[in-house]
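**Q** Can you keep this structure in mind? I'll have questions shortly.
The values are calculated or read from the model by the stated rules, or taken from the named source; none is laboratory data. What you are looking at is a predicted structure, and each value in this text was computed from that prediction instead of being measured. Here the Cβ positions follow ideal geometry from the backbone for every residue, glycine too, while neighbour counts run over all protein chains shown.
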Amino acid sequence: MSRTQSLPAIDTPREPVPTTFHGEDVTEDYRWLEESSDRTKEWTAAQDERARAYVNSLESHEHIRKRVEEVLKVDSTSYARLSRGQSTYFALKTQPPLQQPLLVALAALDDLAGERVVVDPNALDETGATTIDWYVPSPDGALAAVSLSSHGTEDGTLHVYDTTTGELADTVIPGVNSGTAGGSLAWRHDGQGYWYTRHPRPGTVADEDLGFDQDVWFHRLGSRPEEDGRELSGVFADNRITENFLSASADGQWVMDHAQKGDGGEWQVFVRPQGDGSDWRLVADIADKCIRAAFGGSSLFVLSVRDEPHGQVLRLDLDADVTVADARLVVPSGPVTIEEIAATDARLWVADIDGGPSAIRCFDHDGHPLPEVPLPETCAVDWLIDLGRDEAAWAVETFVSPRQWWVQDDDDPEPRRTALDTVTPVEFTDIEVERVFATSKDGTRVPINVLARMGTPMDGSAPTVLYGYGGYAISLKPWFDPSWLPWLEQGGVLAVANIRGGGEYGQEWHHAGRLANKQNCFDDFIACADHLVETKVTSRDRLGLVGGSNGGLLVGAVLTQRPDLATAVVCAVPVLDSLRSELTPNGAFNVTEFGTVLDPEMFKALRAYSPYHNVHDGTPYPAVLFTAGEFDPRVEAHHAKKMTARLQAATSSDQPVLLRMESGGHGIGRSLDEMVGEVTDYLAFLFDRLGAHYRA
């Protein structure tokens, strides 16, 4: 008897519900799993118990858990989200075995001896369920505004802390962050107030027209939230999907709202002087395609992809009533894509991306090149930021080397390495990285980064995981990820695909994988899988697919289009019902990326690839482990629930179809213990299904 046949059966009623789209009737059987009824909760609990019992019973599960704990809970430190308030630096510090990152203050970046804790979520909540969504120090560094949320909801409440005492210094404001539009804040130059984002909550705001909008408000320290003034609302025609990203100029003169329409990459740029009574004005509209913006000196620099899909940097002098039409070109478009920009009083920093790997260039404000910034080969650059008026910083890492933080003052001839290096005994010294290319269905060359231990046989016998994302112009860079070490050190191969839909080759690469072009993402991923088999990196029965969120849609579509492609699939927090996704709050944000069923042509495209609607009875599907967060604000858990039910009823194979539930959200802000549990179950499932023996 196979292991699947021994799994307990769960009663899942089929209740047909028809919906007509543009004259076409589409019937589904499991819409009742969208409900929060008792029977849905009971069914979900039974599925979760079944999945956990299965993975826990696997022969290697406990050995894998022990190794995952050794790797992820090892005595180590890493820093993220570096910032500065006057002479004090701040960062989020991850320090296992603590469950959540801490907000720390540092007197210098070259010496950590004076580091002190400002906010410790682990002390605020001993369960490890509370996390820091984001923080912003005041200009003088005396205060820090911190958004805190719990249980993966990303429902952030704003707290202002005294950075010396760690005590609360002002009133608490709820609803400043969400899993749909995020949240942000910009301090006034004197530290006596701030502009911030806020979501109204049912029953707490009288203005019925606010709905689920995110608006920009201003708060004065010492006042009540009810006294705050709403400054920006209804920026777009459909303000339900506006995301506001606030920032202030280092000279204290200006504040900016870089507002995005949904998640599809459509932006507007608003600025206002910081003085009382000043008005916001639009300096760049959607048609200007200004995807990044940064203050530097008395100027505003914008990265525009209008007519230049690789991007060009424009400079606006803000002392006049100018718009992007008056801007001056300072960094023209080139053969590689400009991904990020940052500016100080004297310099402009540009981060490039070329298919995944990064580079940095430096210029003066007129666009004259300054000395080259040395970087490791095939590296990732993240967090390119200014640290006040005269200093910039960035983080660098590779697939096999952990993060380092570098800074450069305007007066420095070259950058210097800080003391904020990630310190860990976890080593990838015997892991090799090879960059290869697959050819997609339409002839497009698609990069694949292949990680394997030295000496791993390339004769088709190596168990291999192919990972992808392909959406929202998000690029899969060469990031150092210790959670894959237990796989790699056992002879497993990890392949990371830079498919279309991401931003690895700029706007054209993104647009070639969104809206009606979404099928290109799936074709690219299929081509990468086929390439790994054809070149004998692995074989069909030793190939697994892994993707989460939009990557969950990716592997969900691929497993329905090519059920023979791989033997095992991990489909995490996925979007799987493409016809009803936009009816949810976060789904509305994704319309600019995926399209809407209200458009007849887009409906055809969505219907053609929607994983849930393309499962066919009697098909031998591979083993699948679905995961979902019951309180996920980004992708509702019913996507995974409905797909689990549909696939369990349809498959003719004896391979398991499992649903693993978390009581949290999308994985953002999860505790260290939750991460250990998830990684353990993923790896145990993959080792088992791909026939890889785990050597303890």
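**Q** Checking the conditions here, which among E154, E62, E126 is outside the structural domain of L185 (by TED's automatic domain parsing) and within 26 Å of P482 (Cα to Cα)? Walk me through it before giving the result.
**A** Details: E154 fails: outside the structural domain of L185 (by TED's automatic domain parsing); E126 fails: outside the structural domain of L185 (by TED's automatic domain parsing).
Of E154, E62, E126, the one residue that is outside the structural domain of L185 (by TED's automatic domain parsing) and within 26 Å of P482 (Cα to Cα) is E62.
Okay, residues lined up against (1) buried (at least 24 other Cβ atoms within 10 Å of the Cβ); (2) over 22 Å from the mean Cα position of the chain (by Cα):
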residue: P633; (1), (2): no, no
residue: A640; (1), (2): yes, no
residue: Q648; (1), (2): no, yes
residue: D654; (1), (2): no, yes
residue: V657; (1), (2): yes, yes
residue: M661; (1), (2): no, no
residue: G665; (1), (2): yes, no
residue: R670; (1), (2): no, no
residue: E674; (1), (2): no, no
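**Q** V433 fails exactly one of the following numbered conditions: (1) outside the structural domain of A346 (by TED's automatic domain parsing); (2) in contact (Cβ under 8 Å) with a residue 60 or more places away in the chain; (3) of a type in the set (A, V, I, L, M); (4) within 30 Å of K73 (Cβ to Cβ). What is the number of that condition?
**A** In the conditions (1) outside the structural domain of A346 (by TED's automatic domain parsing); (2) in contact (Cβ under 8 Å) with a residue 60 or more places away in the chain; (3) of a type in the set (A, V, I, L, M); (4) within 30 Å of K73 (Cβ to Cβ), V433 misses (2) alone.
**Q** Scan the range 156-183 for residues that are under 17 Å from the mean Cα position of the chain (by Cα) and surrounded by fewer than 23 Cβ atoms within 10 Å (Cβ to Cβ) and report the count.
**A** Counting residues in the range 156-183 that are under 17 Å from the mean Cα position of the chain (by Cα) and surrounded by fewer than 23 Cβ atoms within 10 Å (Cβ to Cβ) gives 1.
**Q** Considering only strands (runs of 3 or more DSSP E) fully contained in the range 246-304, which possess at least 3 residues that are under 18 Å from G182 (Cβ atoms) and out of contact with any helix residue (DSSP H, G or I) (no Cβ under 9 Å at 6 or more places or on another chain)?
**A** Working: elements: 254-261, 266-273, 281-284, 290-296, 299-304.
It comes to 254-261.
**Q** Looking at I353, is it buried (at least 17 other Cβ atoms within 10 Å of the Cβ), outside the structural domain of A473 (by TED's automatic domain parsing), more than 17 Å from A250 (Cβ to Cβ) and modelled with pLDDT of 95 or more? Even if it seems obvious, please write down each step before you answer.
**A** On the way: buried (at least 17 other Cβ atoms within 10 Å of the Cβ): yes; outside the structural domain of A473 (by TED's automatic domain parsing): yes; more than 17 Å from A250 (Cβ to Cβ): yes; modelled with pLDDT of 95 or more: yes.
It is true that I353 is buried (at least 17 other Cβ atoms within 10 Å of the Cβ), outside the structural domain of A473 (by TED's automatic domain parsing), more than 17 Å from A250 (Cβ to Cβ) and modelled with pLDDT of 95 or more.
**Q** Here's something else I'd like to know. (1) outside any strand (DSSP E or B); (2) more than 24 Å from the chain's Cα centre (by Cα); (3) of a type outside the set (D, E): which one isn't true of A438, the others all being true?
**A** It fails just one condition, (1).
**Q** Counting only residues that are of a type in the set (D, E, K, R) and surrounded by fewer than 17 Cβ atoms within 10 Å (Cβ to Cβ), which one in the range 116-138 is farthest from T153 (Cα to Cα)? Working first, answer last.
**A** Step one: filter the range 116-138 for residues of a type in the set (D, E, K, R), giving 116, 120, 125-126, 133.
Right, trim to surrounded by fewer than 17 Cβ atoms within 10 Å (Cβ to Cβ) and you get 116, 126.
On the way: R116: 28, E126: 17 Å.
Taking the candidates together, the pick is R116.
**Q** Give the residue, chosen from G470, G491, G455, G460, that is farther than 18 Å from L532 by Cα, outside any strand (DSSP E or B) and assigned by TED's automatic domain parsing to the domain that holds G548. Walk me through how you get there before you give the answer.
**A** Working: G491 fails: farther than 18 Å from L532 by Cα; G455 fails: farther than 18 Å from L532 by Cα; G460 fails: farther than 18 Å from L532 by Cα.
Matching residue, one of G470, G491, G455, G460: G470.
**Q** Another one. Is there a residue in the range 527-549 that is within 22 Å of S440 (Cβ to Cβ), touching a residue at least 40 places away in the same chain (Cβ under 8 Å) and of a type in the set (D, E)?
**A** Within the range 527-549 (the criterion being within 22 Å of S440 (Cβ to Cβ), touching a residue at least 40 places away in the same chain (Cβ under 8 Å) and of a type in the set (D, E)), the answer is yes, since at least one residue qualifies.
**Q** Follow-up question, since we're still on this one. Give all pairs with beta carbons closer than 9 Å in which a residue from the range 241-263 that is under 16 Å from K289 (Cβ atoms) meets a residue that is among the basic types (K, R) and modelled with pLDDT of 95 or more; count only pairs at least 6 apart in sequence or on separate chains.
**A** Here the result reads H258/R292, each pair linking the range 241-263 to a residue that is among the basic types (K, R) and modelled with pLDDT of 95 or more.
**Q** Oh, and also: Any residue in the range 159-175 that is assigned to a strand (DSSP E or B), without any contact (Cβ under 8 Å) to a residue 40 or more places away in the chain and of a type in the set (S, T, Y)?
**A** Among the residues of the range 159-175, not one is assigned to a strand (DSSP E or B), without any contact (Cβ under 8 Å) to a residue 40 or more places away in the chain and of a type in the set (S, T, Y), which makes the answer no.
**Q** Could you look through the range 397-420, keep only residues that are within 30 Å of R435 (Cα to Cα) and among the hydrophobic types (A, V, I, L, M, F, W, C), and pick out the one that is surrounded by the fewest Cβ atoms within 10 Å (Cβ to Cβ)?
**A** V400
**Q** Residue by residue through the range 294-304, note down the ones that are in contact (Cβ under 8 Å) with a residue 40 or more places away in the chain and crowded, with 17+ Cβ neighbours inside 10 Å.
**A** Here is the first cut: in the range 294-304, the residues in contact (Cβ under 8 Å) with a residue 40 or more places away in the chain are 294-301.
Correct list: A294, F295, G296, G297, S299, L300, F301.
**Q** If you don't mind, another one. Could you tell me which numbered condition Y682 fails, if it satisfies all but one of (1) in a helix (DSSP H, G or I); (2) surrounded by fewer than 23 Cβ atoms within 10 Å (Cβ to Cβ)?
**A** (2)
**Q** If you don't mind, another one. Of the residues in the range 494-517, how many are within 21 Å of the chain's Cα centre (by Cα) and either in a helix (DSSP H, G or I) or among the charged types (D, E, K, R) (or both)? Show your work before the answer.
**A** Of the residues in the range 494-517, the ones within 21 Å of the chain's Cα centre (by Cα) are 494-515.
Of the ones still in play, those that are also either in a helix (DSSP H, G or I) or among the charged types (D, E, K, R) (or both) are 500, 504, 507-511, 514-515.
Summing the residues that are within 21 Å of the chain's Cα centre (by Cα) and either in a helix (DSSP H, G or I) or among the charged types (D, E, K, R) (or both) in the range 494-517 gives 9.
**Q** Quick one: T378 ticks every box in (1) touching a residue at least 12 places away in the same chain (Cβ under 8 Å); (2) surrounded by fewer than 21 Cβ atoms within 10 Å (Cβ to Cβ); (3) over 24 Å from the mean Cα position of the chain (by Cα) bar one, so which box is it?
**A** If we test T378 against (1) touching a residue at least 12 places away in the same chain (Cβ under 8 Å); (2) surrounded by fewer than 21 Cβ atoms within 10 Å (Cβ to Cβ); (3) over 24 Å from the mean Cα position of the chain (by Cα), just (3) comes out false.
**Q** Which ones in the range 1-19 are without any contact (Cβ under 8 Å) to a residue 40 or more places away in the chain and charged (D, E, K, R)? Break it down stepwise before answering.
**A** Going residue by residue through the range 1-19, those that are without any contact (Cβ under 8 Å) to a residue 40 or more places away in the chain are 1, 6, 9, 11, 13, 15-18.
Of everything in the range 1-19, those that are without any contact (Cβ under 8 Å) to a residue 40 or more places away in the chain and charged (D, E, K, R) turn out to be D11, E15.
**Q** In the same structural domain as P376 (by TED's automatic domain parsing) and in contact (Cβ under 8 Å) with a residue 40 or more places away in the chain: which single residue out of T439, T418, T444 fits that description? Break it down into steps so the answer makes sense when it comes.
**A** Working: T439 fails: in the same structural domain as P376 (by TED's automatic domain parsing); T444 fails: in the same structural domain as P376 (by TED's automatic domain parsing).
The conditions single out T418.
**Q** Could we say that D382 is out of contact with any Pro (no Cβ under 8 Å at 6 or more places or on another chain), within 30 Å of A572 (Cα to Cα), modelled with pLDDT under 95 and assigned by TED's automatic domain parsing to the domain that holds P357 here? Spell out the reasoning first.
**A** Details: out of contact with any Pro (no Cβ under 8 Å at 6 or more places or on another chain): yes; within 30 Å of A572 (Cα to Cα): yes; modelled with pLDDT under 95: yes; assigned by TED's automatic domain parsing to the domain that holds P357: yes.
Spelling it out, D382 is indeed out of contact with any Pro (no Cβ under 8 Å at 6 or more places or on another chain), within 30 Å of A572 (Cα to Cα), modelled with pLDDT under 95 and assigned by TED's automatic domain parsing to the domain that holds P357.
**Q** Of everything in the range 305-344 that's in contact with a helix residue (DSSP H, G or I) (Cβ under 9 Å, 6 or more places away or on another chain) and within 20 Å of W383 (Cβ to Cβ), which residue is surrounded by the most Cβ atoms within 10 Å (Cβ to Cβ)?
**A** That would be G311.
**Q** Can you tell me which residue is farthest from R646 (Cα to Cα) among those in the range 20-56 that are outside any helix (DSSP H, G or I) and without any contact (Cβ under 8 Å) to a residue 24 or more places away in the chain? Talk me through it step by step, then tell me what you get.
**A** First, pick out the residues of the range 20-56 that are outside any helix (DSSP H, G or I): 20-30, 35-37.
Now narrow it down to the ones that are without any contact (Cβ under 8 Å) to a residue 24 or more places away in the chain: 20, 23, 25, 27, 35-37.
Working: T20: 20, G23: 24, D25: 18, T27: 12, E35: 16, S36: 19, S37: 19 Å.
In this case the residue turns out to be G23.
**Q** Could you check the range 595-607 and list, in sequence order, the residues that are surrounded by 22 or more Cβ atoms within 10 Å (Cβ to Cβ) and touching a Ser or Thr at 6+ places or on another chain (Cβ under 7 Å)?
**A** Passing the criteria: only L606.
Every residue, every condition in (1) touching a Pro at 6+ places or on another chain (Cβ under 6 Å); (2) buried (at least 18 other Cβ atoms within 10 Å of the Cβ); (3) of a type in the set (F, W, Y), yes or no:
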{"site": "V55", "(1), (2), (3)": "no, yes, no"}
{"site": "H61", "(1), (2), (3)": "no, yes, no"}
{"site": "K66", "(1), (2), (3)": "no, no, no"}
{"site": "E70", "(1), (2), (3)": "no, no, no"}
{"site": "D75", "(1), (2), (3)": "no, no, no"}
{"site": "Y79", "(1), (2), (3)": "no, yes, yes"}
{"site": "L82", "(1), (2), (3)": "no, yes, no"}
{"site": "A91", "(1), (2), (3)": "no, yes, no"}
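**Q** Ok, one more. Before we move on, is G141 part of a loop (DSSP other than H, G, I, E, B) and either in contact (Cβ under 8 Å) with a residue 60 or more places away in the chain or not assigned by TED's automatic domain parsing to the domain that holds D170 (or both)? Spell out how you get there, then give the answer.
**A** Numbers: part of a loop (DSSP other than H, G, I, E, B): yes; either in contact (Cβ under 8 Å) with a residue 60 or more places away in the chain or not assigned by TED's automatic domain parsing to the domain that holds D170 (or both): no.
When the stated conditions are applied, G141 does not pass them.
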